[in-house]
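Have a look at the structure below before the remarks.
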Amino acid sequence: MASRGDENAELEAASAGGTPASQVEPEVVNNSVYQPINGSQNQQKEKLQALGAVQILNGATILALGVFIGSSQSIFRPFRQFFLVFYTGYPLWGAIFFIVSGSLSVAAGRKPTRKLVEHNFGMNIASATIALVGFVFVSINLAVNKYSLKGCLSSQSLDLCICMGVLSNGIMSLMLILTLLELCINISVSAMWCAENKCNSREAISSPRNSV
């Protein structure tokens, strides 16, 4: 009887000092919402929204330049060689990609769900590719302008040709700057989300071990 009482006492002491195994539950990792682990979630949200706003502004400006060139075709048609990038369609489809990408970045900054973050990442990769293609088109247009201006020396409408060349160089230079800025933003946003997703993957793997 004494030995049985001692065993009961030891069992009660063990149950009082520790937590039963049935009550230990592994930590559940919430994959529905993007959660950085470095304690700077609010800063990253604000940064992403600011970058998204710049993307939208870039796309809107490029689209406005394309609309301006298109609406002035009656003047630009004899000097088509100065506005070759317009005929590639880049001011239209490039601007649409940039605006959509920026809108997704702003939405992901406000409510960073996993699905929205993945769509934003894919759209930024596509926009970076579009920006690279647009950079090539605009650079070619600027290179062609040099030879077109030389051809103006033998033109009867010399003054008008020079004005069109200067106007084209100004528009193409602005479009080139906006395209490079868009490319840098897309690469930055993609790199930021890649780094944070890698950290989240490591946290998801280590969390169950730490909870046990």
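Could you calculate the contour length gain from Thr129 to Ser173, that is, 0.36 nm times the residue separation minus the distance between their Cα atoms, to one decimal place in nm?
The Thr129-Ser173 span can extend by a further 13.9 nm.
Between Arg114 and Ala60, the simple spin-label model (points 7 angstrom out along Cα→Cβ) gives 3.5 nm.
Summing +1 for each Lys or Arg and -1 for each Asp or Glu, what net charge is found among the other residues whose Cβ lies under 15 Å from the Cβ of Cys161? Please report the intermediate quantities before stating the final value.
Values: positive: Arg77, Arg80, Lys146, Lys150; negative: Asp159.
Result for the local shell: +3.
With the Cα gyration tensor of segment 93-166 giving a ≥ b ≥ c as the square roots of its eigenvalues, does the rule (a/c under 1.5 for rounded; else a/b larger than b/c for prolate; else oblate) give rounded, prolate or oblate? Prolate is the answer for segment 93-166, as a/c is 1.5 or above and a/b outweighs b/c. Anisotropy class assigned to segment 114-154 is prolate, per the alpha carbon gyration tensor with a/c at or over the 1.5 cut-off and a/b larger than b/c. Peptides 158-167, 132-141 ranked from most to least packed, by the mean per-residue count of other Cβ atoms within 10 Å: 132-141, 158-167.
Here, each number is a calculation from the coordinates, and none is a lab measurement. Because the structure is a prediction, the values reported are computed rather than measured. Methodologically, a virtual Cβ is constructed for each residue, glycine included, from the backbone with ideal geometry; neighbour enumeration extends over all protein chains shown.
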